[in-house]
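Peer 1: Have a look at this one before I ask anything.
The values are calculated or read from the model by the stated rules, or taken from the named source; none is laboratory data. Since this is a predicted model, take the numbers as computed values, not measurements. Glycine also receives a Cβ, built like all others from the backbone with ideal geometry; neighbour counts cover every protein chain displayed.
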Amino acid sequence: MTNFPLTAQSNVTFYRKAVSVFTFLVLLPCLLSLINITFAQSWKLHFFPAAIILAAVFYGATGGIVAGISGSLYSALLLGNPYIIVGNALLGLLIAVFYKKNENLILCVLLAYACELPWLILTDYYFVHLSSDFIAKLVVVLLLANILWAVLIQISIKHIRKLF
């Protein structure tokens, strides 16, 4: 009987942590996928890569994969391109793997993007049949967005860690 309050307290703590992790890994990327800023000839800056990067840093490979999948569901359904899901899961996985070995987040994101790039180009060109001009512009926009999010997160990583 005396152990019951301790068990109940630890269960509540466990469930709070589980809800927090679920929210961070699944709901946050989904919500951020709905936010886009249009610029330069209808290109869009997406916000969900920030959630993928954060999840990869704080929750490792599994977190990066889950955030990559959940964050790209909306775009994949909207564009009819399921390969986006695999590409973003791969991005999350690779960021986590590289970050575990080297905490220079900007370098890790660039390396992960470079590794994901062949998947993006091959699937968009051969399976989705996008033009090479469109893909070239997409590659540049995604590179710039990934650098932007990596820099912003790297600058604020110490403050973000305090929240966890």
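Peer 1: For Leu94, are the conditions met, namely being at pLDDT 95 or above, touching an Asp or Glu at 6+ places or on another chain (Cβ under 6 Å) and assigned to a helix (DSSP H, G or I)?
Peer 2: no
Peer 1: Restrict the check to the stretch 76-85 and report whether at least one residue is over 20 Å from Leu163 (Cα atoms), within 9 Å of the chain's Cα centre (by Cα) and in contact (Cβ under 8 Å) with a residue 12 or more places away in the chain.
Peer 2: The first filter runs over the stretch 76-85 and keeps only residues over 20 Å from Leu163 (Cα atoms), leaving 76-85.
Okay, now just the ones that are also within 9 Å of the chain's Cα centre (by Cα), so none.
Looking for residues that are over 20 Å from Leu163 (Cα atoms), within 9 Å of the chain's Cα centre (by Cα) and in contact (Cβ under 8 Å) with a residue 12 or more places away in the chain, one finds none in the stretch 76-85, hence no.
Peer 1: Return yes or no: is Asp124 free of Cβ contacts under 8 Å to residues at least 24 places away in the same chain and within 23 Å of Ser42 (Cβ to Cβ)?
Peer 2: no
Peer 1: Kindly indicate whether Leu73 is surrounded by fewer than 23 Cβ atoms within 10 Å (Cβ to Cβ), more than 11 Å from the chain's Cα centre (by Cα) and assigned to a helix (DSSP H, G or I).
Peer 2: Considered against the rule, which asks whether it is surrounded by fewer than 23 Cβ atoms within 10 Å (Cβ to Cβ), more than 11 Å from the chain's Cα centre (by Cα) and assigned to a helix (DSSP H, G or I), Leu73 comes out as yes.
Peer 1: What are the pairs, 6+ residues apart or on separate chains, where a residue within the stretch 13-25 that is within 17 Å of Phe58 (Cα to Cα) has its Cβ under 6 Å from a residue that is of a type in the set (A, V, I, L, M) and at pLDDT 70 or above?
Peer 2: As it stands, the answer is Leu25/Ala55; Leu25/Val66; Leu25/Ala67, since those pairs meet every condition given.
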